[in-house]
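Written below as structure tokens is the structure these notes are about.
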Amino acid sequence: MNSQKKENTTTPRLLYIENLRIILSVLVVVVHVACTYGGPGGWTYTESGAGLGTILPLTIINATSQSFFMGMFFFISAYFTHLSFQKKGLLKFTKERIIRLGIPLALTFFFLNVFTAYIAWPAKYPNYADFSFMELWSSGRAFGFGVMWFVLALSYFTFLYLIAYLLIPALRNKQKKKLPTIKWYYIFLTSILIGVVTFIVRIKYPLFKGAGIAWMPFDLGHFSQYIFLFVFGVIAARYNSDLFVSFKHAKKWAWFVLFLMLVAFPALFFIGDAHLNGVKQFAGRGTWHSLGFAIWEQLIGFSIMVALLGILKIKWNKQCKIAKSLSGSAYALYVLHPPVLVGISVLFINWETVLLVKFLALTPLAIIASFGVAVLAKQIPLLKRIF
């Protein structure tokens, strides 16, 4: 205990958040590679023919990751949004947000998404394999935000936050007291409540592609959690709090995560006949499958978030040069990884093997290549300012 206290007094207290960015960035790549080879979720390029032995583990990976990793991105973004706005003021903060959010959005919509689609084009549409990049671009068929839905949503959230900040005087007053350690039953009940709200939202907006609003190209069925965590991130920053659970309790939450992932999810999967009928009945429309999945999703999602915050705070609150470079490149990786992943998948398109083997073999390559491109991009002065 004394050594831990000594370490925490000599190490910047939020380095574990920077390390958390590395974990979340790795998961972004893992989830999209899993989508390619049989896991649920939309992606630019996918391969068919996955059997149950591939679908079940990749579904567990994607469902577990989706339950928390984007929510944590919103939480971290909100935390630093509040601190940054307090420090920089309206004009400087707005200018920086336009650069960091607006430019990558435009770059993705008009170029990166088209480029990613162009890489996959010969594999998806062999009869149009000679389609040039300019023909695809001028057709407008591939314009879109793709993975940058997160940044678009964050832009909306940030705009609403600025309005609230300017209209609500209490937000401008920094609290001296920190939030107390949150009791386990608060976390548990919050998970259940958001699970029920998520179930209700998914009656109208199920997790099917295209189930949303035209000017909001999002899976709205996930946004109950995202909205809550963004608001909670602002509250955490306002109260100068970065730890909500003890290390001892965090380890218990980690054991609960393993139970939910390795026991509860397979049980829900087979009881709901997902191995026979697929996973669409879990996506919404008021089915009992959807209710069970929504509650499971929030329980495991909040459990993972609490466990990560509590464990990383003690065990990984320091950085070497490599970790510093990787965490600093996390945003660049998020923006730039789609063409890298699709390029690797297309490169190995003729490798005939079980898709689970492809996933296991190509995921490390995709992670290394994505971080490599991101780190190199950060060396370019103009991109360094954006990322």
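So the values come out like this:
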quantity	calculated
Residue match in segment 346-361 (condition: under 25 Å from PHE188 (Cα atoms) and in a helix (DSSP H, G or I))	no
Extreme residue, modelled with the highest pLDDT, among residues of segment 271-281 that are over 19 Å from ILE203 (Cβ atoms) and in contact with a Leu (Cβ under 9 Å, 6 or more places away or on another chain)	ALA274
In segment 367-385, residue nearest to SER325 (Cα to Cα) [restricted to those that are out of contact with any Ser or Thr (no Cβ under 9 Å at 6 or more places or on another chain) and among the charged types (D, E, K, R)]	LYS384
Residue pairs meeting the criteria (Cβ under 8 Å; at least 6 apart or on separate chains; first more than 26 Å from LEU309 (Cα to Cα) and in contact (Cβ under 8 Å) with a residue 60 or more places away in the chain, in segment 251-280; second among the hydroxyl-bearing types (Ser, Thr, Tyr) and outside any loop (DSSP other than H, G, I, E, B))	PHE269/THR59; ALA274/THR59; VAL279/THR59
Within segment 72-110, tally of residues that are within 15 Å of VAL151 (Cβ to Cβ) and free of Cβ contacts under 8 Å to residues at least 40 places away in the same chain	5
Condition check for TYR161: hydroxyl-bearing (Ser, Thr, Tyr) and farther than 27 Å from HIS222 by Cα	no
Residues located in segment 238-253, provided they are over 18 Å from ASN317 (Cβ atoms) and modelled with pLDDT under 85	ARG238, TYR239
Qualifying residues in segment 198-210 (those that are closer than 18 Å to HIS289 by Cα and part of a loop (DSSP other than H, G, I, E, B)) - the one modelled with the lowest pLDDT	PHE208
Within segment 368-387, considering residues that are crowded, with 20+ Cβ neighbours inside 10 Å and either at pLDDT 95 or above or in contact with a Leu (Cβ under 8 Å, 6 or more places away or on another chain) (or both), the one farthest from ALA330 (Cα to Cα)	SER370
Residue in segment 18-31 that is part of a helix (DSSP H, G or I), at pLDDT below 90 and touching a helix residue (DSSP H, G or I) at 6+ places or on another chain (Cβ under 8 Å) present	no
Residue list for segment 325-336, filter: assigned to a helix (DSSP H, G or I) and of a type in the set (S, T, N, Q)	SER325, SER327
Qualifying residues in segment 37-60 (those that are in a helix (DSSP H, G or I) and within 17 Å of the chain's Cα centre (by Cα)) - the one modelled with the highest pLDDT	LEU58
Test: LEU362 is out of contact with any Asp or Glu (no Cβ under 7 Å at 6 or more places or on another chain), surrounded by 14 or more Cβ atoms within 10 Å (Cβ to Cβ) and either modelled with pLDDT under 95 or of a type in the set (A, V, I, L, M) (or both)	yes
Residue match in segment 272-283 (condition: under 23 Å from the mean Cα position of the chain (by Cα) and farther than 19 Å from GLY195 by Cα)	no
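The values are calculated or read from the model by the stated rules, or taken from the named source; none is laboratory data. None of these values were measured; they are calculated from a predicted model. Cβ atoms come from the backbone with ideal geometry, glycine included; neighbour counts cover every protein chain shown.
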